[in-house]
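For reference, the structure discussed in these notes is given below.
Every number here is computed from the coordinates shown, using simple stated rules; none is lab data. Computed from a predicted structure; not experimentally measured. Glycine gets a Cβ as well: all are built from the backbone with ideal geometry, and neighbour counts include every protein chain shown.
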Amino acid sequence: MEVLACGHCATAAGARVCVHLTTEDTRDCYRVLTGVATRFDLLCEPCADAEAPELLDACVGCFERAETDAYLGWRGAPEIRRHDRDLGGTWTTWDGLEPRNDRCLAALPDGWLVWTDAGLAVLGPEPRYAAWVRLPEEPPSEWAGRVRGPALHTSADGRFAAAVTDHGRHGAIVDLASGEVTLELDRGDYHPEQTPFPVAFVGSRVVAATDWNRLDAFDPATGRLLTDRDRDGDRSIDYFFGALLPSPSGRRLLADGWVWSPFGVPVVIDCAAWFGGDRYAPEHPRRLAQRAYAWGDPLGWLDDETVVQQRIGDDDEQMIDGVTRYDAVTGRRTGVFAGPAGRMWTHRGLLYVAAEAGLEVWDPADGARVGLLEGFAPIAHHDGAFAELRNDQLRIWSPVG
Ligand SMILES: [Zn+2]
Ligand SMILES: [Zn+2]
């Protein structure tokens, strides 16, 4: 081990600090991106403004201590890796129907389900109405880009749909075979405007919020409650549930909620434990992050143990576009890379991002974009197929293989 420029004989951080951040003095500083991956140095304000600031190789201890005062935000730009290749794939076009919004198309095993002003219709290849659903009216709401409106989810076997009001209070589970509503959902009136309606089909169950801080599981065929437990008392948690995403096998459930201050706190619930007898598993989830004022960013599962979340940083006002990766078992952050921004799906280890230019494909193993389908704006995904619905046409792209 050598003596580093900071004066310590310690492990090198592999990054630099300005000469004013090596002492025990505390000083606010910027994270200044170097242009190599998402690496950054730490610089005080005068140095960040200077043309040729004096920078020193820091030890891990000096760097981490200085970083606790990195309140000023980011400077510079990250490296965005693009190794685009021809994505190939096949295209199919079917007749479509007008969805109520871009959250109102969902996958079925052999087609797609759309929620129009006239009800729920199966697309593929001929449109056919399957059910009618009307939820209680809720007043319009918009807060920091969070717009109240309808959203549609489907079970993997295609038997059931969840028709809900995102950023709202109400929803319903519909049996698509009979067209009947089997369960009405209500998560109460305590800040539902902050999050999409928490609902997900997990194996043969449907999990949904039944209060701001509570999830329950039901049999979607009958509406029977499967997770009865005390509603009040010491075990309830101060956590506002948000969007729910099951892991590929259904072993775990990711919830994108928040806590007061406010902080966005994505958590992972152990469904295997919950359905295996640990009745309070949703009340002691694994926390992945705590991000000031930031929740509702696109999220996904790369595999049963790896979560990806868009944007890099700990504060809504100090973020860079990209992806943060977490180990869902330990709760640790395991990597970041810059670039992706937009609605996101995961499939076979790749990220599919509906960006402004079109559908981008990113390989998180390299942190690089590997392709772009220009002008294609899908709003739903099923097993590697992506569906765009506009002008009464459903356009589906499937990568080959
Ligand atoms: Zn300085
Ligand atoms: Zn040092």
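Tabulated data
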{"item": "Near-label residues of region 285-302 by backbone N, under 17 Å of a point 7 Å along Cα→Cβ of ALA273", "result": "285-289"}
{"item": "Region 189-258 shape via C-alpha gyration tensor axes, a/c threshold 1.5", "result": "oblate"}
{"item": "5 angstrom amide H check on ARG252, placed H, neighbours 5+ away", "result": "SER247, CYS271"}
{"item": "Orientation-averaged projected area, Cα convex hull of the chain (nm²)", "result": "22.4"}
{"item": "Between region 133-183 and region 319-382, the alpha-carbon center distance in angstrom", "result": "26"}
{"item": "For ARG75, distant residues with modelled amide H under 5 Å away", "result": "ARG31, VAL32, LEU33"}
{"item": "Loop-resident sites, region 267-322, for trypsin sites (Lys or Arg not before Pro), counting at most 16 other Cβ within 10 Å (DSSP)", "result": "ARG279"}
{"item": "Selected from ALA5, TRP301, GLY111, residue furthest toward positive end of dipole (the chain; charges at beta carbon)", "result": "GLY111"}
{"item": "Estimated dipole of the chain in Debye, rounded to 20 [Cβ of Lys and Arg +1, of Asp and Glu -1, Cα centre]", "result": "760"}
{"item": "Segment ALA357-VAL400, extension gain: residue separation times 0.36 nm, minus the distance between their alpha carbons", "result": "13.3 nm"}
{"item": "Overall form of region 147-240 per C-alpha gyration tensor (a/c, 1.5; a/b vs b/c)", "result": "oblate"}
{"item": "Label-to-label distance, nm, for residues given as GLU98 and TYR190 (7 Å Cα→Cβ offset)", "result": "4.0"}
{"item": "Contact order normalised by residue count of the chain, Cα under 8 Å, 6+ apart, percent", "result": "12"}
{"item": "Whole-Hz ³J(HN,Hα) from phi, Karplus 6.51 cos²θ - 1.76 cosθ + 1.60, for region 375-386, glycine and proline x", "result": "x, 8, 10, x, 10, 8, 9, 8, 6, x, 9, 10"}
{"item": "Virtual spin-label span in nm between THR34 and SER249, 7 Å along Cα→Cβ", "result": "3.9"}
{"item": "For region 201-248 and region 46-95, distance of Cα centres in Å", "result": "38"}
{"item": "Mean projected area (nm²) of the alpha-carbon convex hull when region 133-296 is viewed from all directions", "result": "9.2"}
{"item": "FRET efficiency, 1/(1 + (r/R0)^6) with R0 25 Å, evaluated for LEU87 and ASP303 via beta carbons", "result": "0.70"}
{"item": "For region 179-188, Karplus couplings with θ = phi - 60° (6.51, -1.76, 1.60), whole Hz, Gly/Pro x", "result": "x, 8, 7, 9, 7, 9, 10, 8, 9, x"}
{"item": "Mean Cβ neighbour count within 10 Å, used as a protection proxy, ranking 235-244, 138-147, 370-379 highest first", "result": "235-244, 370-379, 138-147"}
{"item": "Phi to ³J(HN,Hα) by Karplus 6.51 cos²θ - 1.76 cosθ + 1.60 over region 12-25, Hz, x for Gly, Pro", "result": "6, 6, x, 8, 10, 10, 6, 4, 8, 10, 9, 8, 7, 4"}
{"item": "DSSP-defined antiparallel bridges as percent of all bridges, the chain, nearest 5", "result": "95"}
{"item": "Spatial separation of Cα centroids for region 1-31 and region 265-304, in angstrom", "result": "36"}
{"item": "Dipole-positive endmost among ALA15, LEU87, PRO340 within the chain (Cβ charges, Cα centre)", "result": "LEU87"}
